[in-house]
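As structure tokens, the structure follows; a few thoughts come after it.
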């Protein structure tokens, strides 16, 4: 068995590519909020209820193909799946700039969700082939960092684009980079370490030995059905559902919340919308580092989600008249909701073997997509029905609190693995 050090080059070769790829996916799903705030609703005669549905439809499409995407990525090729997804979602995102009625927009938003649904589970599976248990929270974080980091610069860029050339050209311009990047992705990555010409034979063997050692410690799970019935997977799926209600209610409607403030321009809206994501990037990096150092996953998840819930409630409590204090609290809520993504997605590969871990992560992510649909639709609906944002703050605070309770019900990874091993011995 090899005892050579694990190749540091994996971080420099793969993580920037992963980050850029997921950034482009996130750009093309999140810029809808800017189109909605910048006149698209008026141009296409979209009511507030239909606007909420349009914002949420992406996540309904996103819900359906997570598990098939994970299965294909694990058993065939994550590289090939993501290559074609990049091309298709880039073209669909650009096509929004050409729509002339709401029905076309409904179809495109749904299909965009379908195409992107395979990306997250495929990426998580890809990383599990390249990074070990002690690295996984950080690797996952650099992937998911594409989410807040993209919204950070997208908020500024989209604010300028819609202000200078309109919402149609914003969608067209922001969709094309994904199509171009697909060919860089194809050239730069390999599905597994043994295919990489830039690793030495010793580096490949050292990494494979460590990954095999991790798998040897796990209880065998026959198939997806058995994994999906695991109490751990059920709890994490429900937890991620309620967490995602808060995250996507926030992401999709933050530009509209800020735009409603007195004397607020689209450019100012763009800059102010970016600040919560700057905090999110900093917190995600710090939390993932500490989580890998301590191998504590659960504690970092529930604590930051509780902070987010309290910040949303406080924003509700101070009322609509103090915009700047409310904005500070929303910034804290946004940063806190993003902070624990890396530790969260490190939990499953530590307690389930590789043959089912990808499917379990896909199931959890699909429940997150369903939560995202509920959050983005319900927040938009509540904003329109009440003529303000207080009701949606309470809704997001309550969802995060339920997520905290479910997280506390999940055993720590070591306890979970011990319980699963005892269970198999009992049978």
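What are the pairs with Cβ atoms under 9 angstrom where one residue, in the stretch 35-63, is closer than 16 Å to residue 254 by Cβ and the other, located anywhere, is modelled with pLDDT under 80 and assigned to a loop (DSSP other than H, G, I, E, B)? Sequence gap at least six, or different chains.
Pairs that qualify, where the first residue is closer than 16 Å to residue 254 by Cβ and the partner is modelled with pLDDT under 80 and assigned to a loop (DSSP other than H, G, I, E, B): there are none.
On the given criteria, is residue 408 assigned to a helix (DSSP H, G or I), surrounded by fewer than 17 Cβ atoms within 10 Å (Cβ to Cβ) and modelled with pLDDT of 80 or more?
Yes.
May I ask you to say which residue of 274, 244, 237 is surrounded by fewer than 24 Cβ atoms within 10 Å (Cβ to Cβ), within 19 Å of residue 372 (Cα to Cα) and touching a residue at least 60 places away in the same chain (Cβ under 8 Å)?
Answer to the check: 237.
Given the residues 352, 305, 363, which is the only one that is buried (at least 19 other Cβ atoms within 10 Å of the Cβ) and at pLDDT 90 or above?
Working: 352 fails: at pLDDT 90 or above; 363 fails: at pLDDT 90 or above.
After applying the criteria, what remains is 305.
Which residue out of 330, 252, 285, 279 is touching a helix residue (DSSP H, G or I) at 6+ places or on another chain (Cβ under 7 Å), in a helix (DSSP H, G or I) and farther than 19 Å from residue 144 by Cβ?
330
Please verify whether residue 46 is surrounded by fewer than 20 Cβ atoms within 10 Å (Cβ to Cβ), in a loop (DSSP other than H, G, I, E, B) and at negative phi, treating the condition exactly as stated.
Considered against the rule, which asks whether it is surrounded by fewer than 20 Cβ atoms within 10 Å (Cβ to Cβ), in a loop (DSSP other than H, G, I, E, B) and at negative phi, residue 46 comes out as yes.
Within the group 52, 77, which residue is assigned to a helix (DSSP H, G or I), out of contact with any helix residue (DSSP H, G or I) (no Cβ under 8 Å at 6 or more places or on another chain) and either at negative phi or at pLDDT 90 or above (or both)? Step through it out loud before you land on a result.
Numbers: 52 fails: out of contact with any helix residue (DSSP H, G or I) (no Cβ under 8 Å at 6 or more places or on another chain).
Of 52, 77, the one residue that is assigned to a helix (DSSP H, G or I), out of contact with any helix residue (DSSP H, G or I) (no Cβ under 8 Å at 6 or more places or on another chain) and either at negative phi or at pLDDT 90 or above (or both) is 77.
For the stretch 371-400, enumerate the residues that are surrounded by fewer than 19 Cβ atoms within 10 Å (Cβ to Cβ) and at pLDDT 85 or above.
Correct list: 394, 398.
What is the number of the single condition among (1) at pLDDT 90 or above; (2) surrounded by fewer than 23 Cβ atoms within 10 Å (Cβ to Cβ); (3) not in a helix (DSSP H, G or I) that residue 130 does not meet?
That leaves (2) as the condition not met.
The values are calculated or read from the model by the stated rules, or taken from the named source; none is laboratory data. In this text the structure is predicted, and so the values were computed from the model without any measurement. Please note: Cβ atoms are built from the backbone with ideal geometry, for glycine as well, and neighbour counts cover all protein chains shown.
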